[in-house]
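Remarks on the structure that follows.
The values are calculated or read from the model by the stated rules, or taken from the named source; none is laboratory data. These figures come from a predicted structure and were not determined experimentally. Cβ sites come from the backbone with ideal geometry, for glycine too, and all protein chains shown count toward neighbours.
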Amino acid sequence: MPSVRELAAKLKRSASTVHQHLDALERRGLIERSGGAHGLTLLVDPKLLEERDQAPEVVPVRGVLQPGRHLKRMGSPYPRVSACGNARKGDYALRVDGDRLQAEGMFHGDLVMIRPGAVWNEPALVQYMDGTLDIKRLAPLRDGSLAVWSARPGLGQRRGTRRAPGVVAVGRVLRVVREFEAPGEEPN
């Protein structure tokens, strides 16, 4: 197995980023680390990983999300992307345009996977009365109105909540997919 530094160089990422991903894989029981530089052990049968990669679930990319603006819809047929599993009929993706969602951990060019339907107290795609869209959290207040705050947990307490008349939850944010160029590949 390659060392953390070798993985970081191959993926063009920092060693600390690779460490974070390896920690996540270890917590999920997919790898085991012995502590040595080359002490990674894969705990999952590689054939299972190959089978999963051969039949990826795909969702349509329906538009470009510019928070605070109207959705820029893409024409049909929609481009399709791998949904990384758990996709259902009706799920779709939006490409983030701009830097307005950086505080939420969503950057320019990221894909946001959306599952249509109402949602409370989870990151959601919300639509305001004027038709503009954003990624926020919604919660009902005692008087029946809605409160809206940041999609990232903890930021709502610092920024506070505000009443949001005429806001509708379009769908729940399932995940954010960040594309990057692997060495030797053409850009997407």
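Some observations on this one:
- In the set (1) assigned to a loop (DSSP other than H, G, I, E, B); (2) more than 12 Å from the chain's Cα centre (by Cα); (3) modelled with pLDDT of 75 or more, the condition left unmet by residue 138 is number (1).
- Of all the numbered requirements in (1) surrounded by fewer than 18 Cβ atoms within 10 Å (Cβ to Cβ); (2) at pLDDT 80 or above; (3) under 15 Å from the mean Cα position of the chain (by Cα), residue 90 misses one, and that requirement is (3).
- Considering the stretch 61-87, the residues that are of a type outside the set (Val, Ile, Thr) and crowded, with 17+ Cβ neighbours inside 10 Å include one that is modelled with the lowest pLDDT, namely 83.
- Applying a threshold of 8 Å to beta carbon distances and a minimum spacing of six or more residues, or different chains, the list of pairs starting in the stretch 9-30 at a residue that is part of a helix (DSSP H, G or I) and ending at one that is loosely packed, with under 11 Cβ neighbours inside 10 Å and modelled with pLDDT under 80 reads 10/183; 11/182; 11/183.
- Scope the stretch 87-107; condition within 23 Å of residue 77 (Cα to Cα), part of a loop (DSSP other than H, G, I, E, B) and not hydrophobic (A, V, I, L, M, F, W, C); matching residues: 88, 89, 90, 91, 97
- Any hit, the stretch 115-137, residues being among the basic types (Lys, Arg), touching a residue at least 12 places away in the same chain (Cβ under 8 Å), buried (at least 19 other Cβ atoms within 10 Å of the Cβ) and over 20 Å from residue 59 (Cα atoms): yes
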